[in-house]
Structure formats: structure tokens, C-alpha cells
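Chemist: Handing you this structure, nothing more for now.
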Amino acid sequence: MNFFAEYIREIRKSLEKGDSTEHTHRAALEALLEACGKDIDATNEPRRIACGAPDFNITRKGVPVGHVETKDVGVNLDEMERGKGPNGEQFKRYSTLPNWILTDYLEFRWYVAGQKRLTVRVADFDGKGRIKAAPDGDEKLEQLLAAFYHEPALTVGTARELAQRMAGMTRITRDLIIASFKHETEETERKLVQEAREPYGAAMPSRGPWLHNWLAAFRETLIPDLTEIEFADMFAQTLAYGLFAARIHAPANREFSREMAAFRLPKTNPFLRKLFAEIAGVDMPDTVAWAVEDLVNLLRHADMAEILRDFGKGKGKEDPVVHFYETFLAAYDPKVRDQRGVRYTPEPVVQYIVRSVDWLLQTRFNRPQGLADENTFILDPAVGTATFLYFVLTLIFSKFARQRGQWDGYVEKHLLNRLFGFEILMAPYAIAHLKLGMLLEETGYSFGTDQRLGIFLTNTLEESARRSDRLFAD
């Protein structure tokens with residue numbers, strides 16, 4: 001293996017100079033990684049790395065394979081693996097990646113789904129401080145890389161496992177967004193300096209930084225004092241759960257993708273549609289896009305039929321889009337789940353309550369049509385993922401079993417204008433829009449361009465709570 005011998009020579013040469021760093025050896029490692037696999041592309045992108053991405057993104061003909069994270073020669077990988085030392089937190093974060101390698105250039109550790117599969121030591125220091133290739137190190141490393149390159153995409157088959165995997169990738173996305181804010185600021189300043197030096201008209205003005213634009217939109221229309229950290233958490237959760245909801249409703253005969261997720265969203269909320277349209281498009285920063293693509297890849301290969309069977313059977317939580325959020329949040333941030341009381345009423349109980357309210361309206365409040373009465377306003381002040389409103393709509397729709405031709409006109413003129421819900425958390429708010437929009441589409445109703453669902457992101461308990469109508473502006 002001449003390429004292995006060349007790799008050892010390059011590492012030895014760099015170390016002998018006495019001023020090498022972790023970055024010094026990346027070119028040699030890149031050449032080795034690509035030489036050991038057919039059609040393998042090892043991408044070392046400084047912008048991504050600066051924002052917390054692994055050092056190498058490994059693909060085969062554009063298809064994601066895994067990641068490689070490098071540390072300087074001599075770094076204590078055992079300590080890092082135990083979650084200790086300056087690199088401990090990074091290891092905990094990357095441990096959720098489905099297929100990755102950690103190396104100090106002399107030792108390679110391969111992990112799959114959080115479990116270490118193989119460790120290979122390719123060289124050691126001799127008594128004179130020079131590195132010396134280990135016996136059979138080249139063959140063992142080639143075997144490790146071959147297994148790494150051919151590891152099939154991770155398939156999960158239980159709701160709990162999917163929640164844990166999604167939670168880990170959502171945390172990575174959140175941390176990348178936080179780091180990307182600093183990177184965007186530095187890039188903007190650099191571009192402004194560059195444009196100032198250009199002759200008049202020689203260059204088009206730069207578009208504002210992507211994440212900063214979205215943060216400004218959230219602050220202007222929703223939460224004026226929203227911090228970058230709060231925004232990153234809100235944005236990452238909404239993104240992850242929106243992809244999950246889209247995956248649930250994706251056609252079985254088509255491969256799931258970011259683009260499909262964007263097109264699967266109902267037209268109930270232009271704000272969310274615009275968000276996912278940009279996530280699916282080319283404008284999403286590379287510093288974040290790789291993690292989103294890993295999440296899409298997880299959902300693409302998840303055994304959804306088995307997950308749905310595992311999730312709903314006998315638990316009173318048959319609707320995964322609505323109820324899976326409790327499972328997801330328990331894995332992502334259990335403190336928030338407890339603080340906000342994210343606990344769901346079993347669906348049979350919800351159905352009983354909704355039917356009881358409908359009966360009381362008819363028998364005690366002189367509303368013969370019950371919840372379908374055109375003058376009865378319906379408000380859920382803590383709407384969550386809209387479980388109650390979902391069954392309210394289902395019950396009202398059932399009253400039109402023999403009048404389906406009147407359904408569209410009724411929804412447009414007598415239903416959307418009296419159905420409301422308030423929610424304090426962004427992800428459930430997005431889920432509520434997705435779920436109710438999809439339900440109405442399933443009934444055959446088509447939203448007009450200027451129609452909105454009355455689900456608002458606000459705190460019902462605050463005196464100064466305001467409806468965020470501007471979020472729904474085109």
C-alpha cells in the first residue's frame with residue numbers, strides 16, 4: 001500500500017519540523033481516505049469546521065457516508081471518549097452521529113450509532129521520538145475504512161430510538177446555529193470591506209446573512225428580546241420536527257428529501273412555508289446544511305411502519321405527529337418538557353371531552369349544531385400540538401357526512417374565523433399548523449392564498465400577550 005507508506009512519511013515529515021498542528025496533517029489524511037475507497041470524496045471545509053462540524057465529510061458520488069474528526073497527535077482520545085477534558089463535550093455531541101471516525105492521525109476509532117466498532121493503531125513513537133509504522137497497521141486500517149465506507153445507513157425501528165437520534169442531531173444543529181452567528185458576522189464584515197474596495201458598480205451588494213435575517217424576523221414579529229441561543233433552540237426544534245411531520249406524510253413510493261418536506265407543508269402558514277422553502281433550497285448555509293442532511297438521511301431510512309406501530313399500540317397516542325413531540329422533547333431537553341408541562345391527554349379522553357362539549361352546547365346552551373354552530377367560538381389557550389382542535393375539526397367534519405358539497409364554503413366562511421389556539425413553544429406551534437392543515441387537506445379543503453389558521457405563538461398567561469398576526473404576512 002504505497003498510499004499508506006506515503007501517509008506515514010508525510011506525518012513523520014510534519015512532526016520532525018517541530019511546529020505541526022492538528023491542521024498540518026489534514027492534507028495527508030484526505031489523500032489516504034480517498035485512496036482507500038472507490039469514488040470516496042473526503043471534504044475538508046474550513047467554514048463548517050469553524051462552526052463545529054466534523055473535520056471531514058465523507059461522501060460517495062454525493063451520497064453521505066459518514067464523518068471523520070481529527071485531533072492533534074498525542075491528544076488523549078481515552079479522556080475525550082469518557083467525556084472529559086477540553087474535547088469531552090465535543091465527543092458527547094458527535095456520539096449521536098450514525099457513522100464516524102475519531103483519530104489523532106496515529107490511532108483510528110470507528111463508531112456506529114454511539115458504539116465503538118473498531119480501533120486501529122497505525123504507528124507509534126520509537127525511543128528517539130520518531131513515528132514508526134505498526135505491524136499490519138496498513139492492512140488493519142484498510143479493513144476499518146472499508147467497513148466504515150460500506151456501513152449501511154442507520155435504520156431505527158422504535159419510537160424511543162428515533163426520538164433519541166433526532167434529539168442528538170437537533171442538539172448538533174442548535175449548536176451549529178449558535179456558532180454560525182459569529183461566522184456570519186465575520187463573513188459580513190469581510191464582504192463589506194471587499195465591496196468597499198470594488199469600483200462603483202463592479203459588484204452587487206451582498207445579501208444579508210441568512211441566520212441573522214431570520215433572527216431579525218423573529219424579533220420584529222414575535223419576541224423582541226429573543227437571544228441568539230433561544231432562537232437557535234427554537235429554530236432547530238422547528239426544523240427537526242417539521243421534517244419528521246413531513247416524513248410521516250411522505251409518499252411511500254418516493255425517496256424522502258429536504259425538497260419533499262418543503263412541498264408537503266400545507267398552505268396554512270406562509271411563515272413556516274417560507275422557512276422550509278429556504279431550508280430546502282440553496283440559500284441554507286453550508287455550516288448548518290450538513291447536519292440537516294444527516295437528519296433527513298436518518299428519517300429517510302427509518303422504518304416508519306414499525307415506529308408507528310411501536311408508538312401508538314394501546315397507548316392512547318395513535319397520532320404520532322401530535323404525540324411524538326412529548327417523546328422527542330424528553331430526549332432533547334427534559335427540563336423544558338417539565339417546565340412547560342408537555343404532557344398529552346390520551347386520545348380517547350380527548351375524544352370524550354370534545355363529544356361532551358358538543359353535547360352540552362346542544363342540550364344546555366341552545367346550540368343545535370353543537371361545535372359546528374356558526375356563532376360558537378372555539379379557543380384552546382394552551383393548544384400544544386392541537387390534539388383538542390384536531391378532534392374538534394374531526395367531529396365537525398363528521399356532521400357534513402351527507403353534505404360534503406357544502407364543506408368548502410362552510411370552512412371558509414364559518415369555521416376558520418372562529419377557531420383559535422395559543423401556544424408558547426415554537427415546535428408545538430409549528431406542529432399544530434402542520435397537523436390541522438394536513439387534516440383539512442385530507443377532508444378535501446383547499447386553502448386560499450390569504451387564509452390563515454388562528455393558531456398563534458404567544459403566552460396566554462401574560463397580560464401583555466399579543467397575537468402575532470404579522471407572522472402571517474406574505
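Bear in mind that the values in this text are calculations on the coordinates, not laboratory data. On a predicted model such as this, the values are computed, not experimentally measured, just so you know. Positions of Cβ are backbone-derived with ideal geometry, glycine not excepted, and every protein chain shown enters the neighbour counts.
Chemist: Amide H to amide H under 5 Å from G66: which residues, 5+ apart in sequence or cross-chain, H placed 1.01 Å off N in plane?
Modeler: Answer set, sorted by chain and number: I58.
Chemist: Going toward the positive end of the dipole of the stretch 347-472, with +1 on Lys and Arg Cβ and -1 on Asp and Glu Cβ, which of F456, Y429, T387 do you reach last?
Modeler: Toward the positive end, the furthest listed residue is T387.
Chemist: Right, another one. For a 32 Å ceiling on Cα separation, which of these pairs sit above it: K128/K182; K399/K435; K38/K435; K38/K116? Walk me through the numbers on the way to the answer.
Modeler: On the way: K128/K182 43 Å; K399/K435 20 Å; K38/K435 44 Å; K38/K116 24 Å.
Flagged as over cut-off: K128/K182; K38/K435.
Chemist: Please work out the C-alpha center-to-center distance from the stretch 233-252 to the stretch 59-77 and express it in whole Å.
Modeler: One Cα centre to the other: 27 Å.
Chemist: Can you classify the stretch 2-149 as rounded, prolate or oblate using the Cα gyration tensor, where a ≥ b ≥ c are the square roots of its eigenvalues, rounded means a/c under 1.5, and otherwise it's prolate if a/b beats b/c and oblate if not? Please report the intermediate quantities before stating the final value.
Modeler: Values: a/c = 1.41, a/b = 1.18, b/c = 1.20.
Rounded.
Chemist: A382 to R60: FRET efficiency via 1/(1 + (r/R0)^6), r the Cβ-Cβ distance, R0 51 Å, to the nearest 0.05?
Modeler: 0.60
Chemist: Distance between the C-alpha centers of the stretch 152-185 and the stretch 420-459? Whole Å please.
Modeler: Computed from Cα coordinates, the inter-centre distance equals 25 Å.
Chemist: Once amide H atoms are placed 1.01 Å from N in the peptide plane, what residues at a sequence separation of 5 or more from F422, or on another chain, have their amide H within under 5 Å of its amide H?
Modeler: D380, A382, V383, F456
Chemist: Based on the inverse mean of 1/r over its pairs of different Cα atoms, what is the Kirkwood hydrodynamic radius of the stretch 347-472, in Å? Write out the running numbers ahead of the final one.
Modeler: Values: mean 1/r = 0.0658 Å⁻¹.
That comes to 15.2 Å for the stretch 347-472.
Chemist: Follow-up question, since we're still on this one. Each residue of the stretch 102-109 in turn: what ³J(HN,Hα) in whole Hz from Karplus with 6.51, -1.76, 1.60 and θ = phi - 60°, glycine and Pro shown as x?
Modeler: 10, 8, 10, 6, 10, 10, 10, 10
Chemist: Can you list the HN-Hα couplings for the stretch 36-46, worked out from phi with the Karplus curve (6.51, -1.76, 1.60; θ = phi - 60°), rounded to whole Hz and with x for Gly and Pro?
Modeler: 8, x, 6, 6, 7, 10, 9, 9, 10, 10, x
Chemist: In the calculated pair distance distribution of the stretch 100-183, what percentage of Cα-Cα distances lie above 18 Å? List each step's numbers first, then the result.
Modeler: On the way: 2111 of 3486 pairs.
That fraction is 61 percent.
Chemist: In nm, give the distance between the simple-model label positions of T155 and E442, each being 7 Å from the Cα along the Cα-to-Cβ direction.
Modeler: Those two pseudo-labels are separated by 2.6 nm.
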